[in-house]
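*Asks:* My questions all concern the structure below.
The values are calculated or read from the model by the stated rules, or taken from the named source; none is laboratory data. The structure presented is a predicted model; accordingly, all values stated were derived computationally and were not measured. These area figures cover heavy atoms from the full protein model, side chains too; ligands, DNA and RNA do not enter into them. Shrake-Rupley method; radii C 1.70, N 1.55, O 1.52, S 1.80 Å.
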Amino acid sequence: MIGILSDAHGNQSGFRAAIKHLRILGAKKYYFLGDAVGYIPSISVVQDLLHMGTDIKCILGNHEIMLLEHNVNSEKERVYQFQTVRQNITSCLSKFVRSWPTHRRETINRTSVLFVHGSPNDFTNEYVYPDTDLMQFNPGDSIVFMGHTHHPFIRSNNGTTFVNVGSCGLPRDDGRYGAACLYNPISQDLKIIRFPIYEQTKTLLTAYPTVNKSVYNLLERRSHSIFGDLL
C-alpha cells in the first residue's frame, strides 16, 4: 500500500495526521507532491520529510521553488511568509529541498505512474481542478497523481486515471478535513481519505501571529459536498 499526500504548507499537525491515518490503513511507502512550505511560516514539515528517510519520495512544489529562487513580490510575501522560513531553514534542509525533482515517473507493479505537483503538461504550476477538461492531457501513464489545487478528485480519461490528492494541511473545499490518497498497486484500488485537522490547526496557528487572514478564512470554509471517505 502506498500513501500519497501534498500541500502541507507548514501545517505539521495536518501532515502528521495524514501519515498516521495512511499508516493505519496499511501504507508502507509514501510520496509527497510538494508545497511543504508557504502560508504557515514553519520548517517543521520539511524536517519531518527528512526524518522519514527512504520511506518517502518528494516532488518540488511551486512554493518550494518560490522559496529557493526568492522570486516573490512583497504583496505575495505577506501571504506566503517565506522570509521567516528562510531565516529558520538550515543549510541541510535547504539542500534536501533542492534535491527534489519536478516529477517522478515510475513503474509500480507493471503500472506506469506519474507523480507531479501541477499537471502532466506543466509539472509544477498548472492547476487541475475537479471540473478541468482532461482531454488536453495525454501523458501515456496509467495513473497520474497531482496536488496543487487543494481540491481532491479521482477521474479517468482516455486510459489514464487522474488523481488529485488534495491538501493534507490547507484544504480549500472544507477546512475541517485534510486529504490524502491510499493506493493499492496490486488491486489498483484508489481511495481519497479525509480526516479532521481543524482543532489541531487552530492550535498550531496561535504560534504564528503573522499568518495572513486568508489562512484563517480557508480554515473556516465549509462544503456540503466533501470528496473522499471521512475517517
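*Asks:* Pull out a ≥ b ≥ c, the square roots of the eigenvalues of the alpha-carbon gyration tensor of segment 96-166, then state rounded if a/c is under 1.5, prolate if not and a/b is larger than b/c, and oblate in the remaining case.
*Replies:* Oblate, since a/c reaches 1.5 and b/c is not below a/b.
*Asks:* Tell me the accessible surface of Tyr80 in square angstrom (1.4 angstrom probe, heavy atoms of protein chains only), to the nearest ten.
*Replies:* 40 Å²
*Asks:* Over the chain, with a Gaussian network built from C-alpha contacts below 10 Å, which listed residue (Asn164, Asn62, Asn184) shows the highest mean-square fluctuation?
*Replies:* Asn184
*Asks:* What's the extension gain from Thr90 to Leu190 if we count 0.36 nm per residue and subtract their Cα-Cα distance?
*Replies:* 32.4 nm is the gain from fully extending Thr90 to Leu190.
*Asks:* For Val79 and Arg221 in one chain, what is 0.36 nm times their gap in residues minus the Cα-Cα distance, to one decimal in nm?
*Replies:* 49.4 nm
*Asks:* Normalising by the residue count of segment 1-108, find the relative contact order in percent from Cα pairs under 8 Å and 6+ residues apart.
*Replies:* After rounding, I find 27 percent.
*Asks:* Find the relative contact order for the chain and round it to a whole percent, using C-alpha pairs within less than 8 Å whose residues are 6+ positions apart.
*Replies:* Result for the chain is 23 percent.
*Asks:* Are any of the pairs Lys57/Lys95; Lys28/Lys202; Lys57/Lys213 more than 26 Å apart by Cα-Cα distance, and if so, which?
*Replies:* Lys28/Lys202; Lys57/Lys213
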